[in-house]
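Here is the structure we will look at, set down as structure tokens.
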């Protein structure tokens with residue numbers, strides 16, 4: 001699997017790059033696969049493709065704190081990320097992995113791969129709900145996906161040294177909650193992995209056997225997506 005470790009200068013570019021990698025894989029005409037790792041330089045809220053902004057985000061608090069809000073192209077609920085939260089994305093080929101056409105199998109495969117990679121560092125980590133990873137019953141990873149004709153994008157968060165108080169400050173109570181949450185508020189529900197940045201990165205890279213570093217990335221696609229979508233108020237505030 002190819003590896004791209006790249007954090008771009010702006011939040012808009014970083015959100016756009018995940019989608020651009022999916023589009024690029026689909027247009028390449030090959031069964032290429034990619035792991036991307038990145039980490040924001042400052043706090044950022046990212047809402048799901050169909051999220052209702054007013055239901056999930058404390059917009060006034062984000063504005064007061066200077067925390068930008070963006071909408072991604074994949075589903076799921078709002079997340080807060082920033083320094084101390086490693087972001088990952090895998091673009092996987094249906095030609096190589098036809099079983100991933102099943103969403104249940106896609107969740108099982110990706111989260112299982114991550115857990116296998118983290119086992120020696122966090123042996124009690126486990127999959128909970130549909131697309132969460134948790135340690136001692138507390139969530140450290142939220143994930144979502146987007147499917148296209150030839151590939152699927154699966155991406156998410158890995159909290160490790162994140163200021164967890166930002167989550168209840170920026171997000172409202174989640175409108176859709178997994179059963180294992182048991183009604184807990186954010187402060188009682190989320191946790192950091194007891195892992196440092198370098199060990200976490202190495203574990204994720206090893207889990208995906210992503211040892212072919214690639215220097216190129218779809219810059220023109222990113223620029224177009226930023227201009228047409230991710231920099232547009234109408235995109236973020238459409239619901």
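The values are calculated or read from the model by the stated rules, or taken from the named source; none is laboratory data. As the structure is a computational prediction, the values presented were derived from the model and not from experiment. With ideal geometry, Cβ positions are generated from the backbone for all residues, glycine too; neighbour counts draw on all protein chains shown.
Got a number for residues in region 1-12 being in contact with a helix residue (DSSP H, G or I) (Cβ under 9 Å, 6 or more places away or on another chain), assigned to a loop (DSSP other than H, G, I, E, B) and either surrounded by 19 or more Cβ atoms within 10 Å (Cβ to Cβ) or without any contact (Cβ under 8 Å) to a residue 60 or more places away in the chain (or both)?
Looking only at region 1-12, we keep the residues that are in contact with a helix residue (DSSP H, G or I) (Cβ under 9 Å, 6 or more places away or on another chain), and these are 1, 3-8, 10-12.
Within this subset, residues satisfying the condition of being assigned to a loop (DSSP other than H, G, I, E, B) are 1, 6-8, 10.
Next, from what is left, pick out any that are either surrounded by 19 or more Cβ atoms within 10 Å (Cβ to Cβ) or without any contact (Cβ under 8 Å) to a residue 60 or more places away in the chain (or both): 7.
Residues meeting the conditions: 1.
Okay, residues lined up against (1) modelled with pLDDT of 95 or more; (2) under 16 Å from the mean Cα position of the chain (by Cα); (3) buried (at least 18 other Cβ atoms within 10 Å of the Cβ); (4) in a helix (DSSP H, G or I):
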| residue | (1), (2), (3), (4) |
| --- | --- |
| 14 | yes, yes, yes, yes |
| 27 | no, no, no, yes |
| 31 | no, no, no, no |
| 54 | no, no, no, yes |
| 62 | yes, no, yes, yes |
| 86 | yes, yes, yes, no |
| 90 | yes, yes, yes, no |
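Which residue, of 193, 164, 200, is in contact (Cβ under 8 Å) with a residue 12 or more places away in the chain and not in a loop (DSSP other than H, G, I, E, B)?
On the way: 193 fails: not in a loop (DSSP other than H, G, I, E, B); 164 fails: not in a loop (DSSP other than H, G, I, E, B).
Answer to the check: 200.
Can you spot a residue in region 116-130 that is part of a helix (DSSP H, G or I), surrounded by 16 or more Cβ atoms within 10 Å (Cβ to Cβ) and touching a strand residue (DSSP E or B) at 6+ places or on another chain (Cβ under 9 Å)?
Of region 116-130, the ones part of a helix (DSSP H, G or I) are 116-118.
Okay, now just the ones that are also surrounded by 16 or more Cβ atoms within 10 Å (Cβ to Cβ), so 117-118.
Add one more test, that the residue is touching a strand residue (DSSP E or B) at 6+ places or on another chain (Cβ under 9 Å), and what stays is 118.
Yes, region 116-130 contains a residue that is part of a helix (DSSP H, G or I), surrounded by 16 or more Cβ atoms within 10 Å (Cβ to Cβ) and touching a strand residue (DSSP E or B) at 6+ places or on another chain (Cβ under 9 Å).
Look at residue 104 and say whether it is within 23 Å of residue 153 (Cα to Cα) and either free of Cβ contacts under 8 Å to residues at least 24 places away in the same chain or loosely packed, with under 14 Cβ neighbours inside 10 Å (or both). Give the steps one after another, and end with the answer.
Working: within 23 Å of residue 153 (Cα to Cα): yes; either free of Cβ contacts under 8 Å to residues at least 24 places away in the same chain or loosely packed, with under 14 Cβ neighbours inside 10 Å (or both): yes.
Yes; evaluated as a whole, the condition is true for this residue.
If I ask for residues that are assigned to a loop (DSSP other than H, G, I, E, B), touching a residue at least 60 places away in the same chain (Cβ under 8 Å) and either touching a strand residue (DSSP E or B) at 6+ places or on another chain (Cβ under 8 Å) or within 30 Å of residue 116 (Cβ to Cβ) (or both), which ones from region 204-239 would you list?
Step one: list which residues in region 204-239 are assigned to a loop (DSSP other than H, G, I, E, B), which gives 209-211, 214-218, 231-232, 237-239.
Cutting the leftovers down to touching a residue at least 60 places away in the same chain (Cβ under 8 Å) gives us 209-211, 214, 217-218, 231, 237-239.
The answer is 209, 210, 211, 214, 217, 218, 238.
All but one of (1) closer than 27 Å to residue 122 by Cα; (2) surrounded by 14 or more Cβ atoms within 10 Å (Cβ to Cβ) hold for residue 170; which doesn't?
For residue 170, the exception is condition (1).
Inside region 64-84, can you point out the residues that are crowded, with 19+ Cβ neighbours inside 10 Å and over 14 Å from the mean Cα position of the chain (by Cα)?
Hits for region 64-84 are 67, 69.
Looking at 221, 181, can you tell me which residue is farther than 21 Å from residue 144 by Cα, surrounded by 18 or more Cβ atoms within 10 Å (Cβ to Cβ), touching a helix residue (DSSP H, G or I) at 6+ places or on another chain (Cβ under 9 Å) and at pLDDT 95 or above? Steps first, please.
Details: 181 fails: farther than 21 Å from residue 144 by Cα.
Going through 221, 181 in turn, the sole match is 221.
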